[in-house]
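Heads up, the thing below is written out as structure tokens.
The values are calculated or read from the model by the stated rules, or taken from the named source; none is laboratory data. Predicted model, so just to flag it, every value in this text is computed and none were measured. In this analysis, Cβ positions are derived from the backbone assuming ideal geometry, glycine residues included, and neighbour counts consider all displayed protein chains. With ligands, DNA and RNA removed, areas are computed over all heavy atoms of the protein, side chains included. Shrake-Rupley method; radii C 1.70, N 1.55, O 1.52, S 1.80 Å.
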Amino acid sequence: MDAARITSEQRGDTSFSGILSSAFAKMLTNPSYRVVVLALGAPVTIFIYLVYLLRKSKGTYYTLLQETRAQLLQDRLLDRLREESRQQLIHKYNFFGQKVSQGELERHTEKLAKARFREAVEEEMSRQLQISQKQKLTFTTTAQSLIEQRLFLTLSFVPGLLMYIIILLYSNPYLKYIFERFVMSVFVIFGVSVLVFSILYVSPMNPAANILGETATKEQIANFNHVYGLDQPYLVQLWNSIKGIATFDLGKSFAGNEQVTETIARKFPITLTLTLISLLLAIIIAIPVGIISATRRNSLWDYSFMFIALIGLSIPSFWQGLIFILNFSIKLHWLPATFNPQNWLSIIMPTIVLGTSLTAAVARMTRSSMLEVISEDYMITAKAKGLGRRQVLMKHAIRNAIIPIITVIGLQFGGMLGGSAVTEKVFNISGLGSYIIDKQFIPDIPSIMGGVVYTAITISLVNVIIDVLYAFFDPRIRTKMKQY
């Protein structure tokens, strides 16, 4: 462990500058964070490095280093190391049957001897510093000493603002945990953008020919491609698409000549609302059902609930939607067959159809996870202490069984949001899913890119929330967060 880091932690400095100093030292031990923090605070980093070089050349550390080096040279350590290295290299070459010239042998000998001499100097320096209870002068210790000075912190705060923000995030384990998840999500979204665009780019379908029709001339097709930038190289088109996603400006769609971002902003809330309502209803129904099945294992309730859950997993959503329309709309006239934002009854059937598979999956996972937890030794101990059945279930069983349940909910939410297109088509819902399906046969690249990527952004944000819930429910994750 770095000596500066140990000293900072032993000091127990809880001031703002002390927290920054300690966090900065820890970040420099992490290769990824080291590159980021030094790059974001480049002006401050350069100044600290210049101070470090100045102290190294004129400070007591440099004087001690020169004295140690001179003493070891006076003791003829380098000559002894040179002779030892020469003998070792001769034995090595003889053992492997290698033939080298005298000049090459001397060069290798000198290189090996000097490397060993530097190691010996470092070891002697560390021993003397330990005896005199002094710190080893490094870039890290120089940075810590400067950051802990209020004047330097004040003057460097503006040029190093981004660096200090990252350091503050790193100093708090919870903020660091969330920040890292957001950064991972950014890379995922970027990967999705590149993948989707590449698939559309190599697609054999020709947007210009599909939109303009078979009677379109070559001049009309060429003009269409020029207007929408389809005649530009792959990297240029990819960059324009990613830039448009980041700035929420994807231009106009190929078909309909409508602003893609405005259209998605109008259609996405419907899909998201439908998914969230289905998710909420699924959680409300599935978790109690799973708990009842687990606590009454092999009972009539257990068999009935799991049989219904199996059916829910097996039924295709489009078939279930058609059956609902046939019975509740056409025969019984209870519910509208198509979605109407002005009639709240029209969302009941789409919600049930979309949430059926999620309800079944969560119920089965809840039962499985609860059964695993109930058989643990600590549950038996809790019962032996005299805790009531309700207390044991609520305080111990459910809390420990919730992690895999949260995982399934997060995964299923992504599937629901991406798979809502089928339900939207069946119930004539003008949402994002049906919008992407309508555009993919052209293919309308801006529209598909916007729909898929913004859906991926939503799923990534939900995954971040899931990761935060992990830390909230599982103390083991909170412990690991504080260790790193």
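Summary table below
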| quantity | calculated |
| --- | --- |
| With at most 15 neighbouring Cβ atoms within 10 Å, loop GluC sites (Glu not before Pro) (DSSP) excluded, longest segment of the chain | 1-213 |
| Distance violations [Cα-Cα > 26 Å] among K331/K439; K243/K267; K331/K425 | K331/K439 |
| Local electrostatic count at G229 - Lys and Arg +1, Asp and Glu -1, tallied over other residues with Cβ under 13 Å | +1 |
| Å² of accessible area per residue within the chain, as computed with a 1.4 Å probe and no ligands counted | 58 Å² |
| Net charge contributed by nearby residues that have their C-beta within less than 14 Å of G103 (K/R +1, D/E -1) | +1 |
| Percent accessible area from carbon and sulfur atoms, the chain, protein chains only, probe 1.4 Å | 63 percent |
| Longest to shortest principal axis, alpha-carbon extents of region 328-484, angstrom | 63, 49, 24 |
| Mean ellipticity per residue at 222 nm, deg cm²/dmol - from DSSP H runs of n ≥ 4 across the chain, formula -39500 (n - 2.57) | -25500 deg cm²/dmol |
| Entry for Cα Rg over 2.2 N^0.38 Å (calculated from the structure that is shown) out of (1) 1.44; (2) 1.20; (3) 0.94 | (1) |
| Where chymotrypsin sites (Phe, Trp or Tyr not before Pro) fall in DSSP loop in region 296-381, at most 12 other Cβ within 10 Å | W334 |
| Accessible surface ranking that places the most exposed of K425, K26, K331 first, with a 1.4 angstrom probe | K331, K425, K26 |
| Sequence ranges 288-294, 232-238, 221-227, ranked by mean other-Cβ count within 10 angstrom, highest first | 288-294, 221-227, 232-238 |
| Neighbour net charge for M306 - beta-carbon separation under 9 angstrom, K R +1, D E -1 | +1 |
| Region 286-327: C-alpha gyration tensor shape, a/c 1.5 cut-off, then a/b vs b/c | prolate |
| Relative contact order, percent, the chain [alpha-carbon distance under 8 Å, six or more residues apart] | 17 percent |
